[in-house]
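Input: a single structure, listed below in structure tokens.
The values are calculated or read from the model by the stated rules, or taken from the named source; none is laboratory data. Since we're looking at a predicted model, the values are computed, not measured. Backbone-built Cβ (ideal geometry, glycine too); neighbour counts: all protein chains shown. Just the protein is used for accessible areas: all its heavy atoms, side chains included, with ligands, DNA and RNA removed. Shrake-Rupley method; radii C 1.70, N 1.55, O 1.52, S 1.80 Å.
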Amino acid sequence: MPHMARLLGIFGFLSVLLRAATLCFQTLAVGGIVFVVVALRDRELRTEPILQSIRRWITVSALALAVTQIVSVVANLLILMESADMSLAEAIGANFVIASGLSIAASLTIAIATGARGWRGNPALLLPAILILAGAVMTSHSASRMEYRWTMVGFTALHHAATATWIGGLPYLLLASRRASDPCIKKKLSANFSQVALASVAVLAGAGLALGVTYVGSWNALYGTAYGVMVSAKVLLFGILLILGAFNFWIVRRMRASSGPQPASLLRFGEAEIGIGLAVILAAASLTSQPPAADLTAGRVTPRDIFERYAPKWPRMTSSSFQDLPEPSLQIVKRAAAAGIALPNSYVPGQAVPNLYTPADIAWSEYNHHWAGIIVLAIGLLALAARTGRVPWARNWPLTFLVLAVFLFIRSDPENWPLGPNGFWESFLAPDVLQHRVFVVLLILFAIFEWRVVTNRAHSRAAALVFPAICALGGAFLLTHSHSVTISKEDVLAEISHVPLAILGVVAGWSRWLELRLPQTDDRTRRILSWVWPVCFILIGLVLLDYRGA
């Protein structure tokens, strides 16, 4: 069954993406219902233009959630039936099937109700919204625990609900503010949502702390396990969200005391909140693919391990040769199949035939990371030089991304075309290779669009936003990146190096976004932000230069 084998190979990455999509659409669908019921509780706020735009997005989000859940349950059923040798009748009673069915039915109910004419924000839709959250909780870590199960289920439900209310409600606040023509309505909308968001932040922090204490268990698990590292990433991103939320809260308080229109800064900081909230959701999706840190008491990474791996050393400027690299696992499978030898199947998602990580592999990987670090460091330094206005040619810094893209395309996956025996299209079947190729495409888009913007060849505001959007998206996407779902020290150490890159990418993207989007009246904030994102690139380069394969 070659197709099933391929599905097993990419399932680890696919499951994280599907979980991320589920959480995103769930947050938007539930957040939209809560926004209408709570933030639009005053009748004068429920104008036809506002309701029309909001109901459209709720409908789309609910339908997208239903489709994502259908794809997810089908993929999981196929994996379960193949790996456990079960029939469809036996597999259909699994807990995830029941939970997905509940979510699909509830989301379709919301889509049908909000898509019908005359819907004015009936609070009855809170019931299917609650059922969507219940379906999510049923497949969470809390539902599978033996100790304190119902307590953890309660905290998980609060965590999901608060996330949907705050992060999921933000896009609807932006939509409603743009549709509202009366400044008084805009102020009232912002004030109502500010109260809801403040309560949601408190609930989110409290529930998150309780879940973190239970699932992480100790301080050393925060850096000693992959789960703990991702929790640390979530906490850092949550802290950035709190800073942006504080800015918006301060703006709303100033609005109440003034008679002027709603400041554009409120919406711009809201856009950044939504984007960073997406990164938090991707980190949460990645957590579901890993066992809680509290359950992994043996084999944790120690401070000594981290120091020995990441103590500053001179970068590796020379690489091992391609001929010294071990034979790729896919080639082993092909050769065995041609010889009629049956290799044992592995149903660990993302792991087919194990590869030995040889010194040649380590040298190859370190060379790649270190030269990539030099290129990224040069990008940051050139961007800073261009900011000063004293080095005119430095404004061509985006073209350096093309050099990085070509370098990564050739060197990232030597077993694939153009260096290795695996064909170009065949290489996309490996999840880590697929992610690397996506990053290469993002880098090319970086170079083209941002170079046209900084050299004044493109005057479109949309073109200017491509660079920060892809930068932020790439950083968020990196939070789902994994070379293996096995829980080993090597995996944790790799995660420790990935997380700073992801967070710096997210910060760089949204600082550049705000620099471009904030009004001219916030010139001081824009100037500060114009220095933040180049510094992030410099730090990314330094992190890459300190990478060690073993």
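Restrict the check to region 231-239 and report whether at least one residue is in a helix (DSSP H, G or I), small (Gly, Ala, Ser) and open to solvent by 10 Å² or more (accessible area, probe 1.4 Å). Yes: region 231-239 contains one or more residues that are in a helix (DSSP H, G or I), small (Gly, Ala, Ser) and open to solvent by 10 Å² or more (accessible area, probe 1.4 Å). Considering Lys234, Lys188, the condition of being charged (D, E, K, R), over 15 Å from Trp166 (Cα atoms) and modelled with pLDDT of 90 or more is satisfied by Lys234 alone.
In region 34-61, the residues that are closer than 26 Å to Ser103 by Cβ and open to solvent by less than 50 Å² (accessible area, probe 1.4 Å) form Cβ pairs under 6 Å with partners that are among the charged types (D, E, K, R) and in a helix (DSSP H, G or I), at six or more places apart or across chains, as follows: Ser53/Arg179.
Kindly establish whether Leu493 is over 18 Å from the mean Cα position of the chain (by Cα), closer than 25 Å to Met317 by Cβ and either open to solvent by less than 50 Å² (accessible area, probe 1.4 Å) or not hydroxyl-bearing (Ser, Thr, Tyr) (or both). Yes: the conditions hold for Leu493. One residue alone among Ala162, Ala89, Ala105 is free of Cβ contacts under 8 Å to residues at least 60 places away in the same chain and either buried (at least 22 other Cβ atoms within 10 Å of the Cβ) or within 30 Å of Val252 (Cβ to Cβ) (or both), and that residue is Ala162.
If you go through region 62-84 one residue at a time, do you hit one that is open to solvent by 20 Å² or more (accessible area, probe 1.4 Å) and on the phi > 0 side of the Ramachandran plot? No, there is no match, as no residue in region 62-84 is open to solvent by 20 Å² or more (accessible area, probe 1.4 Å) and on the phi > 0 side of the Ramachandran plot. The requirement of being without any contact (Cβ under 8 Å) to a residue 12 or more places away in the chain, open to solvent by 30 Å² or more (accessible area, probe 1.4 Å), charged (D, E, K, R) and outside any helix (DSSP H, G or I) is satisfied by Arg117. Considering (1) open to solvent by less than 60 Å² (accessible area, probe 1.4 Å); (2) touching a residue at least 60 places away in the same chain (Cβ under 8 Å), the lone condition that Arg179 does not fulfil carries the number (1).
Within region 304-324, the set of residues being assigned to a loop (DSSP other than H, G, I, E, B) and either open to solvent by less than 90 Å² (accessible area, probe 1.4 Å) or in contact with a His (Cβ under 6 Å, 6 or more places away or on another chain) (or both) comprises Ala311, Pro315, Arg316, Met317, Ser319, Ser320, Ser321. Inspect region 50-65 for any residue being closer than 23 Å to Gln435 by Cβ and at pLDDT 90 or above and give the result as yes or no. Within region 50-65 (the criterion being closer than 23 Å to Gln435 by Cβ and at pLDDT 90 or above), the answer is yes, since at least one residue qualifies. Is it true that Leu211 is touching a residue at least 60 places away in the same chain (Cβ under 8 Å), in contact with a Phe, Trp or Tyr (Cβ under 8 Å, 6 or more places away or on another chain) and open to solvent by less than 30 Å² (accessible area, probe 1.4 Å)? Yes, satisfied.
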